[in-house]
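**Q** Got a structure here, written out as structure tokens. Questions coming.
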Amino acid sequence: MTVAPNIEAKTTNKRKGGVSRWSRIMKNLTFIIPLSIFIILILTSIFAPFIAPHDPEATSLTERRLPPAFIEGGSTKYLLGTDSLGRDVLSRVIYGARVSLSVSLMVIAITAGIGTLMGIASGYLGGRIDGFLMRVVDIAMSFPGLVLAMLLAVALGPGFFTVVIALSALGWAGYARLIRGETLRIRNSDFVAQARISGASSWRIMLRHIFPNVLNPLIIIMTLAVGMMILAESGMSYLGIGIPPPTPSWGSMVSDGRNDLDVAWWISTFPGICIGLVVLSGNFLGDWLRDKMDPRLRQL
Amino acid sequence: MAEVLLEARDIVKHYPVTRGLLQRTVGWVRAVDGVSFTVEQGKTFSLVGESGAGKTTIAKAILLLERLTSGNILFEGKDVYKFSAAQLKTGYRPKVQSVQQNPWSSMNPRMRVRDIVGEPLFVNTKQPKKEVYDNVSKLLDQVGIGAEGMTRYPHEFSGGQRQRIAVARALALHPNLLVLDEPVSALDVSIRAQIMNLLKDLQTQFNLSYIVIAHNLATVRYMSHGVAIMYLGQLVEYGDTEELFKNPLHPYTRALISASQLTLPEDAKDGAKQIILTGEMPSPLNPPPGCRFHTRCAEAGELCSKEIPDMRQVGKNYVKCHHYK
Ligand SMILES: Nc1ncnc2c1ncn2[C@@H]1O[C@H](COP(=O)(O)OP(=O)(O)OP(=O)(O)O)[C@@H](O)[C@H]1O
Ligand SMILES: [Mg+2]
């Protein structure tokens with residue numbers, strides 16, 4: 001009952017400059033830095049042929065495991081050193097961004113898209129549709145992903161799209177379950193009842209009322225998935241069912257360099273740093289996006 | 001007498017109580033158990049009762065959010081449940097709108113005010129966006145919210161302002177009937193009168209009919225023409241509001257009136273006898289036999305626990321009590 005005046009006070013006192021300037025700068029940095037990292041990585045992967053100093057697949061048996069330029073024994077020819085086949089690590093990291101980012105972003109777009117559609121339909125429409133879809137989700141979630149990935153690799157042959165399909169085939173189920181739960185909560189809310197009283201169709205309610213209100217958890221899960229998918233792709237590379245060599249991906253580079261970690265740490269460290277950067281940036285960016293898209297948090 | 005707009009005929013709503021893995025039905029919540037009333041054109045009909053009496057269930061049935069177990073709802077003389085989907089869409093839904101109790105949850109937090117108030121227009125008319133927004137700004141004006149609120153979000157408003165916005169949304173389609181489920185009980189006491197005045201003004205301006213739901217009789221006296229007192233899924237007394245206050249018939253009504261007057265201790269003057277309700281309302285899962293109120297009634301006799309009283313006319317109003325024979 002007494003919340004009303006407080007809320008009013010909150011909105012009239014929009015923070016402007018002054019006291020909170022420092023915290024505003026900090027707040028902005030937490031999205032400017034990760035956003036820049038993302039933009040740089042995406043530009044890098046698009047323009048890889050122009051940026052990479054060498055052919056990422058060209059081997060040079062006389063220049064194997066050369067250390068990075070800033071370490072004794074390194075040369076400026078290979079800024080980040082070479083791997084066990086004498087390939088330029090920098091060029092491979094640059095080309096690897098292409099594979100890793102596009103696998104990850106494609107898988108997320110597919111799984112989040114399907115999962116959100118199914119979760120909202122299941123939760124809002126309920127009844128038999130819900131019963132059926134949730135059984136499918138149960139099956140998808142209990143199915144061993146690795147087995148499916150291997151089967152697919154055998155059936156389709158290893159390659160970019162095999163990896164995308166293998167990671168998407170089961171990945172949507174988690175989204176569907178999460179979104180269904182949120183939908184169930186929102187469909188019983190007063191504002192959905194009000195929309196029905198206004199005569200809104202189920203379609204409109206799902207699109208205009210449910211969907212915008214499941215965005216918060218969806219964005220969080222999607223941004224966490226950026227790193228997870230890159231790691232999953234490396235796992236598949238490690239098992240030989242990922243993107244086949246010599247095409248570089250960050251995941252396959254990390255696993256290639258594992259055996260040489262004591263003598264040539266740079267082979268897996270640089271792609272590893274890239275994976276870490278993407279995971280971190282994804283999380284920060286997710287937080288920021290969520291705040292931006294929520295009108296209640298937007299102007300704080 | 002004014003024309004009857006809506007009539008509830010012996011409406012019943014039982015919710016199943018399920019238990020266990022197989023969702024076996026183990027009982028029924030008799031939320032509404034045979035209620036009849038009429039709402040007249042341009043008048044306010046109030047439903048008053050304690051929490052759990054079944055008031056919201058009736059509102060939901062009228063708004064077609066829940067299907068009745070049995071009974072009929074007649075709108076302009078026609079059975080609403082016999083309407084086709086198309087008839088509902090043009091002949092009922094737009095004419096019966098509502099304002100809910102809680103202005104904090106009745107609006108999508110991710111929509112702007114102009115889209116919230118405009119939603120009934122977007123859904124029911126073919127008006128282009130610009131025309132809808134023009135209408136929204138007029139509606140907001142009518143409820144005392146400036147047009148600068150159009151592009152803002154609900155959280156930027158206070159409870160009272162939000163309730164005004166909710167009223168604007170309810171008026172968008174020029175309805176005949178508004179169902180107001182405790183429209184002011186979530187608001188600050190100081191703001192309640194403002195909203196009630198607004199509703200009263202709008203009623204005369206547009207010849208609106210209201211169904212007002214409240215658990216406090218004081219709220220109701222100010223704005224209603226007819227009133228029904230509800231207890232455990234049934235009406236115990238109904239009729240003209242002024243008459244009911246002047247000459248309450250049912251012991252439960254008298255208890256409610258005395259409770260609504262008991263605001264400060266010094267109000268309880270020596271003359272006015274205070275009737276204080278003791279105990280809780282019994283569960284609607286298993287309502288008491290006979291008169292449902294007898295377990296808490298100071299005047300209950302032997303008959304009250306055995307036989308269900310009939311609704312009968314006493315003076316101007318109607319009452320369901322064995323003491324009037
Ligand atoms: N969906 C439901 N399933 C089962 N029981 C329900 C359901 N909705 C309401 N009830 C029960 O029906 C009875 C009447 O509820 P209702 O919400 O109509 O009461 P009310 O008079 O509006 O009370 P309040 O003043 O608290 O809003 C209550 O006992 C409630 O628990
Ligand atoms: Mg209620």
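The values are calculated or read from the model by the stated rules, or taken from the named source; none is laboratory data. All values derive from a computational prediction rather than experimental measurement. Reconstructed Cβ throughout: ideal geometry from the backbone, glycine too, with neighbour counts over all protein chains shown.
**Q** When the residues of region A:174-215 are filtered to those that are under 29 Å from residue A:139 (Cα atoms) and among the aromatic types (Phe, Trp, Tyr), which remaining residue is surrounded by the fewest Cβ atoms within 10 Å (Cβ to Cβ)?
**A** The residue in question is A:203.
**Q** Report, by residue number, each residue of region B:160-191 that is modelled with pLDDT of 90 or more, farther than 18 Å from residue B:111 by Cβ and at the interface with another protein chain (Cβ under 9 Å from one of its Cβ atoms).
**A** B:160, B:179
**Q** Would you mind stating whether residue B:46 is within 13 Å of ligand 2 (Cβ to nearest atom) and among the small types (Gly, Ala, Ser)?
**A** no
**Q** A further question on this structure: Would you mind finding the one in B:67, B:30, B:9 that is touching a Pro at 6+ places or on another chain (Cβ under 6 Å) and either part of a strand (DSSP E or B) or within 16 Å of ligand 1 (Cβ to nearest atom) (or both)?
**A** Of B:67, B:30, B:9, the one residue that is touching a Pro at 6+ places or on another chain (Cβ under 6 Å) and either part of a strand (DSSP E or B) or within 16 Å of ligand 1 (Cβ to nearest atom) (or both) is B:30.
**Q** Looking at B:96, B:132, B:80, which one is of a type in the set (Val, Ile, Thr) and farther than 26 Å from residue B:212 by Cα?
**A** Among B:96, B:132, B:80, only B:132 is of a type in the set (Val, Ile, Thr) and farther than 26 Å from residue B:212 by Cα.
**Q** Follow-up question, since we're still on this one. Can you list the strands (runs of 3 or more DSSP E) found entirely within region B:153-267 that contain at least 2 residues being within 15 Å of ligand 1 (Cβ to nearest atom) and more than 30 Å from residue B:122 (Cα to Cα)?
**A** Fully inside region B:153-267 and qualifying: B:226-231, B:234-240.
**Q** How many residues does region B:148-200 contain that are within 16 Å of ligand 2 (Cβ to nearest atom) and of a type in the set (Phe, Trp, Tyr)?
**A** Going through region B:148-200 one residue at a time, the tally reaches 0.
**Q** Mind listing just one residue for me: the one in region B:136-152 that is assigned to a helix (DSSP H, G or I) and within 14 Å of another protein chain (Cβ to nearest Cβ) and, of those, farthest from the chain's Cα centre (by Cα)?
**A** The extreme case among them is B:148.
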